[in-house]
Amino acid sequence: MNLAYRMRPNNLQEFFGQEHLVGKGKILRQMIETGNIISLIFWGPPGSGKTTLATIIAGQTESDFHRISAVESGKEELKKVIKKAELNKTYNRKTILFIDEIHRWNKAQQDALLPYVENSLITLFGATTENPSFEVISPLLSRCRVFVLKGLEYGELEKILNNALRDKERGLYKFNKTIDKKERELLIRLSGGDARIMLNGLEMAVVSYRDKKITGEAIMEVFQTKSAGLYDKKAEEHYNIISAYIKSMRGSDADGSLYYLVRMLENGEDPKFIARRMIIFASEDIGLADRGALIQANSAFEAVSKVGMPEAQLILAHITLYLAKAPKSRAVANALGKTRKALYDFPNENVPLHLRNAPTRLMKNLGYGKDYIWSDDYVGPVKDKSFLPDKLKGRKFFDGK
């Protein structure tokens, strides 16, 4: 068993983090102390304690605890748990079913689970790194309480690290290793707030190197494989980061814009996806304030397509900085929005006669094209004639700013 597994807390006294849920008087602690357990879903980043909390709750409430992985399990495993739950019910014992990565179960699998949660035959504990609003079916979600877990703070991770080094039975005490502040900070930073990754990295640094003091070089070696962490091109964090990138450029913050750009690229984002968002941004947020922005963004897309990675990073950084520092205007987007609203407020308004095409004599006799001038001196309707339908005459969609 690896260190992360061995050091998993057995009770709330050993558990670090999530004080907003398990602190004195908080909701989860109250549930545990009163034994009043309901179906719930833990939503939080990897290594924040979702599985551990589920195990602690089950243990302290003396429930029959079954853990399955949504990646590896399906309806057959569910049937076995249901059968056991029916037996437990005859002995008035609670059955808790913990489904790790519940977002991986499809709608049919979640539908199969629903009746047993609804009639309280089983108490569902789900764990997910994805937004349950999008990944869990509404009927099942409505029967569960969602608890949001936070990424562990530095101080909490430091306590977990120190415990692992000092614990004589489950930890690394026998190796008699020490770690200085600078190296401790490096290890915690590279773990990305994931206690599991931190402990596994610590174990490798302790076991694989002879130095009595854990060195920065050893830690860097352990973490040399780049990890994409939470970033998943189909997951919520993907949208969070592209949103932060756009909003940083919108706020003319060059540093923030570059940070989120590099974060996307280092996690394997498609550079063309970023370039396409640049093109949209150039019209939506810069527009006529800098008429060259759209040209620059479009050129960036073409250049990225031709050059490819890793050199395309330079092009993306170049135009990111250009767009971030460019003057901003929402005039184009605002004008489009106002025009669309007018269209839905007044649908299918008749085109004024003087603007209509008149390819036939009948149309001309009916007034099509009348009072519209197209000459060397003037193009357009005669004075007081509007380009807009009568009910929209005088409307201003573009304010010119």
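On alpha-carbon atoms, Rg over Rh for the stretch 18-148 using Kirkwood Rh?
Values: Rg = 13.8 Å, Rh = 14.8 Å.
Ratio of gyration radius to Kirkwood radius for the stretch 18-148: 0.94.
Holding the Cα-Cα limit at 23 Å, pick out from Lys182/Lys212; Lys26/Lys107; Lys182/Lys213 the pairs that are longer than that.
Values: Lys182/Lys212 16 Å; Lys26/Lys107 33 Å; Lys182/Lys213 12 Å.
From Lys182/Lys212; Lys26/Lys107; Lys182/Lys213, over 23 Å: Lys26/Lys107.
Can you tell me the orientation of helix 50-60 relative to the chain, as the angle in degrees between its alpha-carbon axis and the longest Cα principal axis, to the nearest 10?
40
Please sort 278-284, 301-307 by packing, taking for each peptide the average over its residues of neighbouring beta carbons within 10 angstrom, highest first. Please report the intermediate quantities before stating the final value.
Values: 278-284: 19.7, 301-307: 15.3.
Highest to lowest by the protection proxy: 278-284, 301-307.
Helix 154-166 versus the longest principal axis of the chain: what is the Cα-based angle in degrees, 0 to 90, to the nearest 10?
30
Could you state the number of Å between the C-alpha centres of the stretch 338-401 and the stretch 1-38?
70
About the Cα centre of the chain, what is the dipole size in debye to 20, counting +1 per Lys and Arg Cβ and -1 per Asp and Glu Cβ, all else neutral? Can you show the working numbers first?
Numbers: 62 positive and 49 negative charges, 151 e Å.
Around 720 debye, computed over the chain.
In µm²/s, what is D for the stretch 1-76 at 20 °C and 1.002 mPa s, where D = kT/(6 pi eta Rh) by Stokes-Einstein and Rh is the Kirkwood radius from Cα pairs? Write out the running numbers ahead of the final one.
Values: Rh = 13.7 Å.
Approximately 157 µm²/s, per Stokes-Einstein.
Going toward the positive end of the dipole of the stretch 305-354, with +1 on Lys and Arg Cβ and -1 on Asp and Glu Cβ, which of Tyr322, Ala312, Asn350 do you reach last?
Positive-most Cα among the choices belongs to Tyr322.
Per residue of the stretch 19-26, what does 6.51 cos²θ - 1.76 cosθ + 1.60 with θ = phi - 60° give for ³J(HN,Hα)? Whole Hz please, x for Gly and Pro, Karplus curve as stated.
4, 5, 10, 10, x, 4, x, 7
Give the value in nm², to one decimal: projected area of the alpha carbon convex hull of the chain, averaged over all directions. Provide the component values of the computation, followed by the final result.
Numbers: hull surface 125.4 nm².
Averaging across all directions leaves 31.3 nm² for the Cα convex hull.
Determine the percent antiparallel among the DSSP beta bridges restricted to the chain, to the nearest 5. Before the final figure, lay out each step's value.
Details: 3 of 23 bridges.
So the antiparallel bridges in the chain amount to around 15 percent.
Can you work out D for the stretch 154-225 in µm² s⁻¹ from Stokes-Einstein, where Rh is the Kirkwood radius over C-alpha pairs, the temperature is 20 °C and the viscosity is 1.002 mPa s?
Values: Rh = 11.9 Å.
After rounding, the answer is 180 µm²/s.
Taking a quarter of the surface of the Cα convex hull of the stretch 280-401, what do you get in nm²?
Its average projected convex-hull area is 11.7 nm².
Over the chain, what is the mean sequence separation of C-alpha contacts under 8 Å (at least six apart), divided by residue count, expressed as relative contact order in percent? Write down the numbers at each step before the final one.
Values: 538 pairs, mean separation 47.9, N = 401.
Once divided by the residue count of the chain, the mean separation gives 12 percent.
Under the rule of -39500 (n - 2.57) per DSSP H run of 4 or more residues, summed and divided by the residues of the chain, what mean residue ellipticity at 222 nm is obtained, to the nearest 500 deg cm²/dmol?
-14500 deg cm²/dmol
Give the accessible surface of the stretch 66-207 per residue, rounded to a whole number of Å², with probe radius 1.4 Å and ligands, DNA and RNA excluded. Numbers along the way, then the final one.
Details: 7730 Å² over 142 residues.
On a per-residue basis, the stretch 66-207 sits at 54 Å².
Could you calculate the contour length gain from Asn10 to Leu388, that is, 0.36 nm times the residue separation minus the distance between their Cα atoms, to one decimal place in nm? Spell out each step's value before the answer.
Numbers: separation 378, 0.36 × 378 = 136.08 nm, distance 7.27 nm.
That pair, Asn10 and Leu388, stretches by 128.8 nm at full extension.
Considering only protein heavy atoms, what is the solvent-accessible area of Glu153 at a probe of 1.4 Å, reported in Å² to the nearest 10?
110
Given a 1.4 Å probe and every protein chain left where it sits, what share in percent of the accessible area of the chain is carbon and sulfur?
On the way: 11930 of 23370 Å².
Accessible surface attributable to carbon and sulfur in the chain totals 51 percent.
Could you order the peptides 351-363, 96-108, 325-337 from most to least packed, using the average number of other C-beta atoms within 10 Å per residue?
Values: 351-363: 13.4, 96-108: 19.7, 325-337: 15.5.
Answer by packing, highest mean first, reads 96-108, 325-337, 351-363.
The values are calculated or read from the model by the stated rules, or taken from the named source; none is laboratory data. The shown structure was predicted, so the numbers you read here are calculated from the model rather than taken from an experiment. Every residue, glycine as well, gets a Cβ built from its backbone with ideal geometry; the counts of neighbours run over all protein chains shown. Remember, those area values only see protein heavy atoms, side chains included, never the ligands or the DNA or RNA. Shrake-Rupley method; radii C 1.70, N 1.55, O 1.52, S 1.80 Å.
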